[in-house]
């Protein structure tokens, strides 16, 4: 249950008003077993405890203020939290954090935020799991954008949401790390269609790789190489089953190097508290010489709500590279509690 604090003294001293701050978050922990087979056929198994579903435990603070004339100010401070370790690397780190204004013009948020195409890809995966196995080819949009300004347009058409974002790498006399992107989402009853696009200039001289085998597709040059990403997701809820389909790709501008994938998923409600999900995906990586490498992945999941705030889940996933021995197999059983 979210708790609300009333910040009386500080606000009253300055403005004579009160501001409400909401504290919330979640703790996600699972027993995870991951089996990895490298290009030489050598297999290793790692057993661990960690946040396999959400990707991390979270703590956040949110608040808002009515400014009058239909305007509202808001903020969010979100932190990634590590619940399974006492090491120095378990310190809190910034997640989604921003300050913003909303009104008839739409909404503007400034801070660290999800890339516009993030929810296009997220909505395409009915398993809602961030495990390392089972999904390939989601592109470069499943990430944060630091130092960003996001503009959510006002509703122009019923069911249509439009978002634009600009990010800055904050490098002197350089475009390194600069980014931009947008998303379009249309929802009408059981139908949802979304498209997300993003562009980013490389921040360092590194490599552009496939997702599973980590095979290099291109060498990236800081302040020069540009990655262009796009993703499309279509879903329809038939009641007894919800169907998802997506495509995603990332290309290195000016080269033939690209990574493109697609997937098909099903979400099946078994009861009011239990849901089954499956996702099958595939991807093709093409390097600068036109050589291709194909990947595929499948994952199955079950979710059971123990209450409105607590959920148990199980997950089995596998990703592999066609014609090679690179493969990842993963199983996890976990628990999430929201507060």
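The values are calculated or read from the model by the stated rules, or taken from the named source; none is laboratory data. What you see is a predicted model; the values in this text were computed from it and never measured. Here the Cβ positions follow ideal geometry from the backbone for every residue, glycine too, while neighbour counts run over all protein chains shown.
Which of (1) over 28 Å from residue 185 (Cα atoms); (2) at pLDDT 85 or above; (3) within 22 Å of the chain's Cα centre (by Cα); (4) surrounded by fewer than 21 Cβ atoms within 10 Å (Cβ to Cβ) does residue 149 not meet, given it meets every other one?
(1)
crowded, with 18+ Cβ neighbours inside 10 Å and modelled with pLDDT under 80: is that true of residue 134 in this structure? Spell out the reasoning first.
Values: crowded, with 18+ Cβ neighbours inside 10 Å: yes; modelled with pLDDT under 80: yes.
The answer is yes for residue 134.
Enumerate the strands (runs of 3 or more DSSP E) found wholly within region 230-339, keeping only those where 2 or more residues are within 30 Å of residue 22 (Cα to Cα) and modelled with pLDDT of 95 or more.
By residue number, 274-286, 292-305, 310-321, 327-338.
Test of understanding: among 274, 322, which residue is over 21 Å from the mean Cα position of the chain (by Cα), within 22 Å of residue 51 (Cα to Cα), touching a residue at least 24 places away in the same chain (Cβ under 8 Å) and loosely packed, with under 15 Cβ neighbours inside 10 Å?
Step by step, each of 274, 322 is checked, and only 274 is over 21 Å from the mean Cα position of the chain (by Cα), within 22 Å of residue 51 (Cα to Cα), touching a residue at least 24 places away in the same chain (Cβ under 8 Å) and loosely packed, with under 15 Cβ neighbours inside 10 Å.
Filter region 39-53 down to residues that are touching a strand residue (DSSP E or B) at 6+ places or on another chain (Cβ under 8 Å) and surrounded by fewer than 17 Cβ atoms within 10 Å (Cβ to Cβ) and give me whichever is modelled with the lowest pLDDT.
Step one: of region 39-53, the residues touching a strand residue (DSSP E or B) at 6+ places or on another chain (Cβ under 8 Å) are 43-53.
Checking which are surrounded by fewer than 17 Cβ atoms within 10 Å (Cβ to Cβ) leaves us with 43-49.
Details: 43: 90, 44: 94, 45: 96, 46: 94, 47: 95, 48: 93, 49: 94.
Within region 39-53, the match that is modelled with the lowest pLDDT is 43.
Residue check: is residue 82 in contact with a helix residue (DSSP H, G or I) (Cβ under 7 Å, 6 or more places away or on another chain) and either on the phi < 0 side of the Ramachandran plot or surrounded by 13 or more Cβ atoms within 10 Å (Cβ to Cβ) (or both)? Give the derivation first.
Values: in contact with a helix residue (DSSP H, G or I) (Cβ under 7 Å, 6 or more places away or on another chain): yes; either on the phi < 0 side of the Ramachandran plot or surrounded by 13 or more Cβ atoms within 10 Å (Cβ to Cβ) (or both): yes.
Here the answer is yes, as residue 82 does meet what is asked.
Being within 30 Å of residue 156 (Cβ to Cβ) and at pLDDT below 95 is the requirement here; does residue 189 meet it? Walk me through it before giving the result.
Values: within 30 Å of residue 156 (Cβ to Cβ): yes; at pLDDT below 95: no.
Against the criterion (within 30 Å of residue 156 (Cβ to Cβ) and at pLDDT below 95), residue 189 does not qualify.
Hey, could you check region 194-213 for residues that are in contact (Cβ under 8 Å) with a residue 40 or more places away in the chain and not in a strand (DSSP E or B) and say which is surrounded by the most Cβ atoms within 10 Å (Cβ to Cβ)?
The selected residue is 212.
Can you name every residue in region 110-127 that is part of a helix (DSSP H, G or I), in contact (Cβ under 8 Å) with a residue 24 or more places away in the chain and within 14 Å of residue 281 (Cβ to Cβ)?
Once the filter is applied, which keeps residues that are part of a helix (DSSP H, G or I), in contact (Cβ under 8 Å) with a residue 24 or more places away in the chain and within 14 Å of residue 281 (Cβ to Cβ), region 110-127 yields only 121.
Restricting to region 228-248, count the residues that are within 11 Å of residue 260 (Cβ to Cβ) and surrounded by fewer than 19 Cβ atoms within 10 Å (Cβ to Cβ).
Residues meeting the conditions: 1.
Can you pull out every residue in region 163-181 that is buried (at least 19 other Cβ atoms within 10 Å of the Cβ) and in a strand (DSSP E or B)?
Listed by number, the residues that qualify are 163, 165, 167, 179, 181.
Might you let me know whether region 175-193 holds any residue that is over 24 Å from residue 262 (Cβ atoms) and free of Cβ contacts under 8 Å to residues at least 12 places away in the same chain?
Yes, region 175-193 contains at least one residue that is over 24 Å from residue 262 (Cβ atoms) and free of Cβ contacts under 8 Å to residues at least 12 places away in the same chain.
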